[in-house]
1. Please count how many residues of the stretch 1-37 are more than 23 Å from Thr61 (Cα to Cα), among the β-branched types (Val, Ile, Thr) and at pLDDT below 95.
2. Considering each residue of the stretch 102-153, count those that are in contact (Cβ under 8 Å) with a residue 40 or more places away in the chain, in contact with a Ser or Thr (Cβ under 9 Å, 6 or more places away or on another chain) and more than 30 Å from Gly29 (Cα to Cα), and give that number.
3. Would you check if there is a residue in the stretch 63-75 being under 13 Å from Ala146 (Cβ atoms), open to solvent by 70 Å² or more (accessible area, probe 1.4 Å), of a type in the set (S, T, N, Q) and modelled with pLDDT of 95 or more?
4. When the residues of the stretch 150-183 are filtered to those that are of a type in the set (Phe, Trp, Tyr) and open to solvent by 10 Å² or more (accessible area, probe 1.4 Å), which remaining residue is farthest from Gly120 (Cα to Cα)?
5. If you check Thr105, Thr111, which single one turns out to be more than 23 Å from Tyr21 (Cβ to Cβ) and either among the β-branched types (Val, Ile, Thr) or part of a strand (DSSP E or B) (or both)?
Amino acid sequence: KGYTHGYALALQDVSTSEIAYKAEKSDAGLTKVQTFSAYYNDINAGYYGTFKLHYDKSNATYPAWQAANNYNVNVSGFTNSGWYLPSIGQWWDVCANLGSVDLRTKQAVTTQYGGLYTDGTATTNVNNAIAAGGTELNTINYYWSASEYDSNRAVYVNFGSSYVGVSIYGKTNTGYVRAVLAF
């Protein structure tokens, strides 16, 4: 939507506690993604859900989305989208780019979930990039993506100490939220 430079990952989680993706298990109206190849290609769900479907600051039906959009770091000094919940494709980019790992062999895989990267290198590199001015990703729990798997479940990512995993979880369950913005 006119933001052509890239994405920025928030340096902190939006909350110290876990947050539900949605207040109820129901369809969020987004394209369903169910394989690694679809995950790789889904870079629109977060932006679209926040700014087109209005899962934003005042929408308590979507707590994870609301929390990401309410992330309280002032970014008014440059042109940007504002904070939103990243899609799984944007988390993929975090793993590949900040994690400095090659994920090209996973881009066409039709597996539904599992190990995206099976070495601690990606998590270590991402956390080293964040550590300069922020808080490392939580390696015990997982982070919501904006991407829907089906009507009842959404896709999440886990930056473990020895792997990066992608899986699905019921929307009313809780997870961590880290916001992104486009600039």
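1. Of the residues in that region, 1 qualify.
2. Matching residues across the stretch 102-153 total 5.
3. Looking for residues that are under 13 Å from Ala146 (Cβ atoms), open to solvent by 70 Å² or more (accessible area, probe 1.4 Å), of a type in the set (S, T, N, Q) and modelled with pLDDT of 95 or more, one finds none in the stretch 63-75, hence no.
4. Phe183
5. That would be Thr105, the only listed residue that is more than 23 Å from Tyr21 (Cβ to Cβ) and either among the β-branched types (Val, Ile, Thr) or part of a strand (DSSP E or B) (or both).
Results for (1) of a type in the set (D, E, K, R); (2) in contact with a strand residue (DSSP E or B) (Cβ under 6 Å, 6 or more places away or on another chain); (3) open to solvent by 30 Å² or more (accessible area, probe 1.4 Å), shown as yes or no for each residue.
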residue: Val14; (1), (2), (3): no, no, yes
residue: Lys32; (1), (2), (3): yes, yes, yes
residue: Gly49; (1), (2), (3): no, yes, no
residue: Leu53; (1), (2), (3): no, no, yes
residue: Thr61; (1), (2), (3): no, no, yes
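The values are calculated or read from the model by the stated rules, or taken from the named source; none is laboratory data. Being a predicted model, the structure only gives us computed values, none of them experimental. Every residue, glycine among them, receives a Cβ derived from its backbone with ideal geometry; neighbour counts consider all protein chains shown. When the accessible area is computed, the model is the full protein with side chains, heavy atoms only, and any ligands, DNA or RNA have been set aside. Shrake-Rupley method; radii C 1.70, N 1.55, O 1.52, S 1.80 Å.
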